[in-house]
Amino acid sequence: ATTLGRLFEPAAAAHPGESGVLYMRYGRRALEMRLALADLAERSLDLQYFIWDADVSGHLLADRIIRAADRGVRVRVLLDDLSIVDRDTAIAQLSAHPNIEIRAFNPFRPRSLRWTALISDFSSATRRSHNKVMIADNAIVIVGGRNIADHYFGVHGDSNYRDLDTLAVGPVVRDASAVFDDFWNSPFAVPYAAFVDKAPTRADCDAAIAQMRAKMASEQLPYPIDEQVDAMKGNLMTLRDALVWAPVRVLYDRPDK
């Protein structure tokens, strides 16, 4: 019952037992597609990442999902705790938005001296989640090698990684959603509100968002993006027609492995 669902479900029905896939080779397109899906979402956005840096691309995607939440979209974000350092308060404040919840996967018990956990409880501390997933309206998924950081999207000024994403629609999206729910509902997923002494208010949330957007005003991408994102949103039928349909299945490690 969403725009994305109405677009892709008829195509999926025409290919029973198969899912439609499209590789995203270039980082710039991968970033544009994530921003477009955040803009197009009407019901839900589920995101799980190993790394989400507070840099240009990280702020861009965060801003788009906040705007989606403002429209009434339910946003769930699950972050591995290894690389999210000294950001408990800011993330907890964002979670005070009525439509946003952010959880940490397998959080370190000492929030500052993490190296002590690596020494004293190595087997637990090294249980990490490298899943990299974005699901919009349970209708379309991006999964692959890219985390959310400038290095992955051709934004960093010194070096960039060669990674690959796959965009997919059809039955595999529901399978990917089931994997996300498996991690989200596991005892290893802890809300960031648990890491602060006082529960943030909506006013705290609004202040954190304003602070992030003020920082964004001084940040620049090495390429223009808004027009490309708008073009991508307006040209989804071309995207649909470019999909390759095939039997697809999801393989993953369980959160308690």
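The values are calculated or read from the model by the stated rules, or taken from the named source; none is laboratory data. Bear in mind the structure is a predicted one, so any value in this text is a computation, not a measurement. Backbone-built Cβ (ideal geometry, glycine too); neighbour counts: all protein chains shown. Ligands, DNA and RNA are stripped out before the accessible areas are found, and what is left, the full protein with its side chains, is counted by its heavy atoms. Shrake-Rupley method; radii C 1.70, N 1.55, O 1.52, S 1.80 Å.
For the reader, a short list of remarks on this structure follows.
- Scanning the stretch 224-238 for residues that are farther than 25 Å from ALA11 by Cα and surrounded by 12 or more Cβ atoms within 10 Å (Cβ to Cβ) turns up just one, ILE225.
- In the stretch 135-149, the residues that are touching a helix residue (DSSP H, G or I) at 6+ places or on another chain (Cβ under 7 Å) and either free of Cβ contacts under 8 Å to residues at least 40 places away in the same chain or within 16 Å of LEU251 (Cα to Cα) (or both): VAL141, ILE142, VAL143
- Failed item, numbered, when LEU60 is tested on (1) part of a helix (DSSP H, G or I); (2) closer than 19 Å to PHE195 by Cβ; (3) open to solvent by 20 Å² or more (accessible area, probe 1.4 Å): (2)
- Residue within the stretch 34-49 that is in contact with a Gly (Cβ under 7 Å, 6 or more places away or on another chain), in contact (Cβ under 8 Å) with a residue 40 or more places away in the chain and aromatic (Phe, Trp, Tyr) present: no
- Residue in the stretch 243-252 that is in contact with a Lys or Arg (Cβ under 7 Å, 6 or more places away or on another chain) and within 30 Å of PRO10 (Cα to Cα) present: no
- Note on the stretch 171-193: among residues that are more than 23 Å from ILE66 (Cα to Cα) and in contact with a Pro (Cβ under 7 Å, 6 or more places away or on another chain), the one that is surrounded by the most Cβ atoms within 10 Å (Cβ to Cβ) is PHE188.
- Residue in the stretch 92-99 that is at positive phi and either of a type outside the set (Val, Ile, Thr) or touching a Leu at 6+ places or on another chain (Cβ under 6 Å) (or both) present: no
- Output for the stretch 13-32, where each listed residue is surrounded by 22 or more Cβ atoms within 10 Å (Cβ to Cβ) and outside any strand (DSSP E or B): GLY27, ALA30, LEU31, GLU32
- Matching entry among SER218, SER186 (being in contact (Cβ under 8 Å) with a residue 24 or more places away in the chain and polar (S, T, N, Q)): SER186
- Residue count, the stretch 194-220 (criterion: touching a strand residue (DSSP E or B) at 6+ places or on another chain (Cβ under 9 Å), closer than 30 Å to PHE153 by Cα and either open to solvent by 50 Å² or more (accessible area, probe 1.4 Å) or modelled with pLDDT under 95 (or both)): 0
- Positions within the stretch 125-158 being among the aliphatic types (A, V, I, L, M) and over 17 Å from VAL179 (Cβ atoms), in sequence order: ALA125, ILE148, ALA149, VAL155
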